[in-house]
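The values are calculated or read from the model by the stated rules, or taken from the named source; none is laboratory data. As the structure is a prediction and not an experimental result, all values here were calculated from the model. Cβ: placed from backbone, ideal geometry, glycine included. Neighbour counts: every protein chain shown. Heads up: the accessible areas ignore ligands, DNA and RNA and are worked out on the full protein's heavy atoms, side chains in. Shrake-Rupley method; radii C 1.70, N 1.55, O 1.52, S 1.80 Å.
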Amino acid sequence: MSQSVETYPMLEEVELLLEELIDTDECELVVFNDDINTFEHVAKVLVRVCQHTPEQAEQCTLIIHYKGKCTVKKGSKTKLKPMCQAILDAGIQAAII
């Protein structure tokens, strides 16, 4: 009695809508302070990866330095995952929360 999703095109649309709803939970991309990376390096990465303005990136680096961490972007996990990976690849500690 097994029938494919193709038999029920509406079911496929419902599944896509459910996936979109599940992924709407807003997450935060957080960058953490360390004793290795320079302000300049972190700022350049935030400009490149998160499309921050130089001013935004500078503000975030100061917050990271003085508070230990900073939320640098908000959005769905799907949107933030490649950004987080790019930041990690640049040698900067980051996580999606």
* Asked: Whose amide H sits under 5 Å from the amide H of Lys73, counting only residues 5 or more places off or on another chain, with H placed in the peptide plane?
  -> Leu29
* With θ set to phi - 60° and the Karplus curve 6.51 cos²θ - 1.76 cosθ + 1.60, what are the ³J(HN,Hα) couplings of region 63-72 in order, to the nearest whole Hz, using x for Gly and Pro? -> 5, 4, 5, 7, 9, x, 6, 7, 6, 9
* **Gln93 long-range amide H proximity, modeled H, under 5 Å** => Phe32
* Structure fact -> Once Lys and Arg are counted +1 and Asp and Glu -1 for all other residues with Cβ under 12 Å from that of Val31, the total becomes +1
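Would you work out if region 24-96 is rounded, prolate or oblate? Take a ≥ b ≥ c from the square roots of the eigenvalues of the alpha-carbon gyration tensor; rounded if a/c is under 1.5, else prolate when a/b is larger than b/c, oblate otherwise. Each step should come with its number before you reach the end.
Values: a/c = 1.56, a/b = 1.54, b/c = 1.01.
In terms of gyration-tensor shape, prolate.
Gain in length, Asp34 to Met10, computed as 0.36 nm per residue apart minus the alpha-carbon separation, to one decimal in nm? Let's see the in-between values first.
Values: separation 24, 0.36 × 24 = 8.64 nm, distance 4.98 nm.
So the chain would gain 3.7 nm between Asp34 and Met10.
For region 42-97, with every protein chain kept in place, what is the accessible area per residue (1.4 Å probe, Å²)?
Values: 3360 Å² over 56 residues.
With all protein chains present, region 42-97 gives 60 Å² per residue.
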